[in-house]
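In what follows, a single structure is set out as structure tokens and then discussed.
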Amino acid sequence: MRCKSLLAVVLGILLSTTALFAQVKAPPAPWRGAGPTPCVGSDGGVELCPPAPRVVAIRAGHMFESKTGQMLTRQVVLLNGERITAVGPESQVKIPAGIQVIDLSQATVLPGLIDGHTHMFNARKPNGTTEDYMLIAVQNVQASLHAGFTAARDMTTHGNGYGDIAIRNAINEGRIDGPRYQVSTRGIVWGGTPADPAAPDNPLASTVIRSAEEGRAAVRDQIAHGADWIKLYPAGAYSFSLTGEAQYVVTYPLPVLQAIIDETHRLGKKAGCHVYGGEGQKNAIVAGCDTIEHAFGLDQEQANMMVAKGLYYDPTLQRYIEPYMDDNDAKNTGGKYRMIPIFEHAVQMAAATKGMKIMVGSGADGETYVHGTQALDFEMLVKYGGLTPVRAIQGATSINAEALGWQNQIGSIDEGKYADLIAVSGDPLADITELQRVKFVMKGGKVIKNEVMDHPSK
């Protein structure tokens, strides 16, 4: 039997931590160690207890109501611990005496932003270690949070196995600060050639399948490991014909794709499909993939099908109108044919299609898109994608929350929801680039960042 590599052993330890944590239930009693009685962490080790929930009030000079798209004025938000307990005009919501007040009366308050497509892990290099990439992922998630993204969907770990589950769990347990995450682990790709026993598939990279049954088994395995989403790749690379027609590679046969998505839905999860265009893209829509990612060649027929099926469109516009795409097209076509204008037209068409649900996802991956700068997508969607500022912000709040199934928890500033809030100095409806300069970030009632000149009182 072949010995496991050190990396595989380390990864196995990471994967086993969830089960280990679940076994710890009771704190030590009586406490005989140093200092006051602590709390017990998920691994059984002792740690400082979290502070008791506090009642806090926030004065908002302007507040974006994401469900209606209205900009309200002179609002008060009350919260107790991590949840919002009341919100409304300052004439109606009274601030209790003696509590902390965060004064954002000179700012615009919005719901915490949600990145619908990100990659917390950088692409793994051959000489990288699990420890290296876990630390890089922590740096990336914290950069996203400080930029105002209090929640995100992670769309594969780029060769880092199931590490996104460990990061997600650490955030949920309060061990590190980061966005609320839904994760898709390794992703599932189509094997165009038979398996080669002499060159086994990399267990840290995407799961390779070659049949419908292997696809169903891969779905079950990834969900058993803790995946929230299943990431699929129904359409591969694009090229141009001699006459300039865009051509796209089809990967899974439609029956295989349908089987994978059906299994995903049977187990109560959702699928996100990486597509560029053509038959594979249409197959993803026909099979009912919950979110259609990128879709450079989206046409009106496909857009109408998406609306009829209630699917979401996540263009990741900034990521794919960067100069490198033109560089590739110039190399392959001498600059005669370009994908960027085709893609921009597709997003504009989708924006003009009644009922189309357009998400905001960055595709930030530590290569050509820096974590912490995802608000660039708002500008691109408004400037080149045909969205209004209101619709762009709704895409990253109420629409993304709905796509993730978290519409009752985040995505708007409402009683009972998590106190995930951000603030900017100006009016993002007048200047969408304001979202690139977030001054205040609160996640679950905890102030992560405050560069606003406020004067809290007690």
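The values are calculated or read from the model by the stated rules, or taken from the named source; none is laboratory data. Computed from a predicted structure; not experimentally measured. Note that each Cβ is placed from the backbone with ideal geometry, even for glycine, and that neighbours are counted across all protein chains shown. Ligands, DNA and RNA are excluded from the accessible area calculation, which covers all protein heavy atoms including side chains. Shrake-Rupley method; radii C 1.70, N 1.55, O 1.52, S 1.80 Å.
Among the residues of segment 234-255, is there at least one that is crowded, with 22+ Cβ neighbours inside 10 Å, aliphatic (A, V, I, L, M) and more than 22 Å from residue 337 (Cβ to Cβ)? Within segment 234-255 (the criterion being crowded, with 22+ Cβ neighbours inside 10 Å, aliphatic (A, V, I, L, M) and more than 22 Å from residue 337 (Cβ to Cβ)), the answer is no, since none of the residues qualifies.
Might you let me know whether segment 321-341 holds any residue that is among the aliphatic types (A, V, I, L, M) and under 18 Å from residue 270 (Cα atoms)? Spell out how you get there, then give the answer.
Taking segment 321-341 first, the residues among the aliphatic types (A, V, I, L, M) are 321, 325, 330, 339-340.
Now narrow it down to the ones that are under 18 Å from residue 270 (Cα atoms): none.
Within segment 321-341, not a single residue is among the aliphatic types (A, V, I, L, M) and under 18 Å from residue 270 (Cα atoms).
Take the conditions (1) more than 22 Å from the chain's Cα centre (by Cα); (2) of a type in the set (A, V, I, L, M, F, W, C); (3) closer than 30 Å to residue 300 by Cβ; residue 430 misses just one of them, which is (3). For segment 357-425, the helices (runs of 4 or more DSSP H) that sit wholly inside it and include 1 or more residues that are closer than 17 Å to residue 71 by Cβ and at pLDDT 95 or above are 376-383, 389-394. As a summary of the residue check, residue 129 satisfies the conditions (1) of a type in the set (Val, Ile, Thr); (2) buried (at least 16 other Cβ atoms within 10 Å of the Cβ); (3) closer than 23 Å to residue 184 by Cα except for the one numbered (2). Of all residues in segment 188-233, those being within 19 Å of residue 158 (Cα to Cα) and assigned to a loop (DSSP other than H, G, I, E, B) number 12. Taking residues in segment 106-125 that are closer than 22 Å to residue 417 by Cα, and partners anywhere that are hydroxyl-bearing (Ser, Thr, Tyr) and open to solvent by less than 10 Å² (accessible area, probe 1.4 Å), the pairs with Cβ atoms closer than 6 Å and at least 6 places apart or on different chains are 111/66; 111/397; 111/412; 112/150; 115/362. When we screen 20, 11 for residues that are of a type outside the set (Lys, Arg), modelled with pLDDT under 90, surrounded by 15 or more Cβ atoms within 10 Å (Cβ to Cβ) and not in a strand (DSSP E or B), the only hit is 11.
Here is a yes/no grid of residues against (1) farther than 23 Å from residue 184 by Cβ; (2) buried (at least 19 other Cβ atoms within 10 Å of the Cβ); (3) touching a helix residue (DSSP H, G or I) at 6+ places or on another chain (Cβ under 9 Å); (4) touching a residue at least 24 places away in the same chain (Cβ under 8 Å):
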| site | (1), (2), (3), (4) |
| --- | --- |
| 358 | no, yes, yes, yes |
| 397 | no, yes, no, yes |
| 404 | no, yes, no, yes |
| 412 | yes, yes, yes, yes |
| 431 | yes, no, yes, no |
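Just checking, which of 185, 264 is modelled with pLDDT of 95 or more, part of a loop (DSSP other than H, G, I, E, B), touching an Asp or Glu at 6+ places or on another chain (Cβ under 9 Å) and open to solvent by less than 30 Å² (accessible area, probe 1.4 Å)? It is 185. Among the conditions (1) touching a residue at least 24 places away in the same chain (Cβ under 8 Å); (2) surrounded by fewer than 21 Cβ atoms within 10 Å (Cβ to Cβ); (3) part of a loop (DSSP other than H, G, I, E, B); (4) within 24 Å of the chain's Cα centre (by Cα), the only one that residue 336 does not satisfy is (4).
Regarding residue 150, is this residue crowded, with 16+ Cβ neighbours inside 10 Å and in contact with a helix residue (DSSP H, G or I) (Cβ under 8 Å, 6 or more places away or on another chain)? Judged against the criteria, residue 150 is not a match. Go through 292, 285 for me and flag whichever is under 19 Å from residue 119 (Cα atoms), out of contact with any Lys or Arg (no Cβ under 6 Å at 6 or more places or on another chain) and not small (Gly, Ala, Ser). Just a single option satisfies the conditions, and that option is 292. Residues in segment 267-305 that are basic (Lys, Arg) and either out of contact with any strand residue (DSSP E or B) (no Cβ under 7 Å at 6 or more places or on another chain) or in a loop (DSSP other than H, G, I, E, B) (or both): 269, 282. Taken over segment 312-333, the criterion of being out of contact with any helix residue (DSSP H, G or I) (no Cβ under 7 Å at 6 or more places or on another chain), touching a residue at least 60 places away in the same chain (Cβ under 8 Å) and open to solvent by less than 50 Å² (accessible area, probe 1.4 Å) is satisfied by 314, 316, 329, 333.
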